[in-house]
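Worksheet: one structure, shown below.
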Amino acid sequence: MPERTLTMPGSTDQFVLTERPAPTLTDRYRPLPDGMDHTLLTVVPAHQVSTGDVVAAFFTNGPGTRYAEHVPDAFTAHPHPLGTCPEQCEDLHTYGVTADRYLCLDPADDREDCVIVFRATPVAIIPADIAASFPPLETVPLLPDLFTLDDGEHGPYEAQPVSRVWGPWQPISVSRATAEQIAADLPHTHAGRHLSCHWLHDSLLIASDPHLRTAPGRPGHLIQPDADGRYRIGGLWAWQEWSTPPCPDCSTDTEPVDVEGERVWRCTAADCTRRTYGTGDPDDDDDLPPYTETDPDGATIVYHGTGEIDIETTAELAAQGGPDEDDQDAE
């Protein structure tokens, strides 16, 4: 669907609303219930948001044309004055953030902190009376959280969403397939360099070097599936929340691509072709496999693994593929 441009009373800015992005590894946007889309959105200042309105997006800074920044988890608003809930609101209130300038659109829960904004902040909402004609937001399953080992070199591993007070040494809940992938990867990671994994029917045994065991004689950490067939794995290393590495050239988010069986990260900026291994060491990128692409005119362009054009090889191919001199003379 096309973009929609709206105005807001009292503001000369233009507010551009776009479709909600589909969830990917890099864009963790939880879908809205069927039928809810950006054609139902309106723009109001935060102090006019009412209980039951669905908050779907905020906007880039103004003045002028301001673009929607979608909320990863759209939420049903429960606005209240700052400092009237026992969570983050109260903490900020003690530091001089006052209710005459700010308000809380939704109090903290198990997963999210309080949503605190300036009272004049433009907010894209689906009004409560319209939202009431759709299934509740909670009917759409939460997207799995993504975790990794060794700064993203292994994973990501999908897990049930964790609470906002979850710590990296606590377990995550994963499917059997994900548990098998973790078991296969772990011995090859820095985190699991002293560990080994063994399947005993439906149970996963993660055993450590006998010299490192804190409980003498203990065979290891035995993880059995719960009633839903899921495995709670943790306590033996620090989990890391998974994110894509930034582009080394322009710091834009990257996206994963597989090249010759290797995981490579490609910049998502329209004017940047950079690829990287994402290790943070630029020397590692020297080993990225080269690749070729065909431009709209049918010419073959050869790239170094990092995404820079291999000018010499590309020129050689162009010379080999051009018309020969006899054809030129005949013309």
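The values are calculated or read from the model by the stated rules, or taken from the named source; none is laboratory data. As the structure is a prediction and not an experimental result, all values here were calculated from the model. Reconstructed Cβ throughout: ideal geometry from the backbone, glycine too, with neighbour counts over all protein chains shown. In case anyone asks, the SASA skips ligands and DNA or RNA and just uses the protein heavy atoms, side chains included. Shrake-Rupley method; radii C 1.70, N 1.55, O 1.52, S 1.80 Å.
Summary of computed values
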{"item": "Any hit, the stretch 35-42, residues being exposed (fewer than 13 other Cβ atoms within 10 Å of the Cβ), among the β-branched types (Val, Ile, Thr) and without any contact (Cβ under 8 Å) to a residue 60 or more places away in the chain", "result": "yes"}
{"item": "In the stretch 250-290, the residues that are within 20 Å of the chain's Cα centre (by Cα), farther than 25 Å from PRO144 by Cα and open to solvent by 70 Å² or more (accessible area, probe 1.4 Å)", "result": "SER251, ALA270, GLY280"}
{"item": "The stretch 2-34, subset touching a residue at least 40 places away in the same chain (Cβ under 8 Å), over 23 Å from the mean Cα position of the chain (by Cα) and part of a loop (DSSP other than H, G, I, E, B), residue farthest from PRO136 (Cα to Cα)", "result": "THR12"}
{"item": "Lone qualifier among GLU138, GLU112 - being acidic (Asp, Glu), open to solvent by 20 Å² or more (accessible area, probe 1.4 Å) and not in a loop (DSSP other than H, G, I, E, B)", "result": "GLU138"}
{"item": "Among (1) under 30 Å from LEU149 (Cβ atoms); (2) open to solvent by 70 Å² or more (accessible area, probe 1.4 Å); (3) of a type in the set (S, T, N, Q) - the single one THR306 does not satisfy", "result": "(2)"}
{"item": "LEU186 part of a strand (DSSP E or B) and open to solvent by less than 20 Å² (accessible area, probe 1.4 Å)", "result": "no"}
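Residues are listed down the side, and each one gets a yes or a no for (1) in a loop (DSSP other than H, G, I, E, B); (2) touching a residue at least 60 places away in the same chain (Cβ under 8 Å):
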| site | (1), (2) |
| --- | --- |
| PRO225 | yes, no |
| ASP258 | no, no |
| ARG263 | no, no |
| CYS272 | yes, no |
| GLY278 | yes, yes |
| ASP297 | yes, no |
| VAL302 | no, no |
| GLY305 | yes, no |
